[in-house]
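Undergrad: Have a look at this one.
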Amino acid sequence: MHQFSLEFLSDRELYQYYMPFVKNGGLFVRTPEHYSLGDDIKLEVTLPDALEASIVIGKVCWLTPIGAQNGTPAGIGVSFDEDKDNVRNQIEQLIGRLLSSSEPTLSM
């Protein structure tokens, strides 16, 4: 299982990485490495103002290759499968007012 550590310093940054259209929530992870859809991923997520990281287990559900049009950085989208700390709800509370924004994110 591949592992990534993500630390978000602001709500706006978190909004850029969050994938609200994924059924159980998801996050975009910048990486130049190649992954396949369905690969297992462990995320260590530190939200803005959190004292410690939460662990989320998920699967690759989105691929943005190197050199993608519109200048989007290379990376993967990880859908949440195991979210014991309820990171999805914490994220949506932090960025709730931004979810209806038309500002582009790293995945859409």
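The values are calculated or read from the model by the stated rules, or taken from the named source; none is laboratory data. This one's a predicted model, so the numbers in the text were calculated from it and none came from an experiment. Here Cβ is always computed from backbone atoms with ideal geometry, including for glycine, and neighbour counts include all displayed protein chains. SASA here: full protein model, heavy atoms, side chains in, ligands and nucleic acids out. Shrake-Rupley method; radii C 1.70, N 1.55, O 1.52, S 1.80 Å.
Undergrad: Could you please let me know if LYS42 is surrounded by 15 or more Cβ atoms within 10 Å (Cβ to Cβ) and without any contact (Cβ under 8 Å) to a residue 24 or more places away in the chain?
TA: no
Undergrad: Just to be sure, is LEU37 open to solvent by 20 Å² or more (accessible area, probe 1.4 Å), under 17 Å from ALA74 (Cα atoms) and modelled with pLDDT of 95 or more? Outline the logic, then answer.
TA: Numbers: open to solvent by 20 Å² or more (accessible area, probe 1.4 Å): yes; under 17 Å from ALA74 (Cα atoms): yes; modelled with pLDDT of 95 or more: yes.
Against the criterion (open to solvent by 20 Å² or more (accessible area, probe 1.4 Å), under 17 Å from ALA74 (Cα atoms) and modelled with pLDDT of 95 or more), LEU37 qualifies.
Undergrad: So, one more: Return yes or no: is ILE91 surrounded by 17 or more Cβ atoms within 10 Å (Cβ to Cβ), over 19 Å from ARG30 (Cα atoms) and among the β-branched types (Val, Ile, Thr)?
TA: Taking the combined requirement at face value, the residue does not satisfy it.
Undergrad: Which numbered condition trips up GLY26, out of (1) open to solvent by less than 10 Å² (accessible area, probe 1.4 Å); (2) farther than 11 Å from ILE76 by Cβ?
TA: That leaves (2) as the condition not met.
Undergrad: Name the pairs: first residue in the stretch 47-74 and closer than 23 Å to GLN93 by Cα and open to solvent by less than 30 Å² (accessible area, probe 1.4 Å), second residue of a type in the set (S, T, N, Q) and assigned to a loop (DSSP other than H, G, I, E, B), Cβ to Cβ under 6 Å, at least 6 apart or on different chains?
TA: So the pair list comes out as PRO48/SER10.
Undergrad: Still on this structure, I have one more. What's the total number of residues in the stretch 47-103 that are in a loop (DSSP other than H, G, I, E, B) and of a type outside the set (A, V, I, L, M)?
TA: So the count comes out to 15.
Undergrad: Could you check how many residues of the stretch 75-88 are open to solvent by less than 30 Å² (accessible area, probe 1.4 Å) and of a type outside the set (Ser, Thr, Tyr)?
TA: Count: 6.
Undergrad: Looking at LEU27, LEU9, which one is assigned to a loop (DSSP other than H, G, I, E, B) and at negative phi?
TA: From the options LEU27, LEU9, the qualifying one is LEU9.
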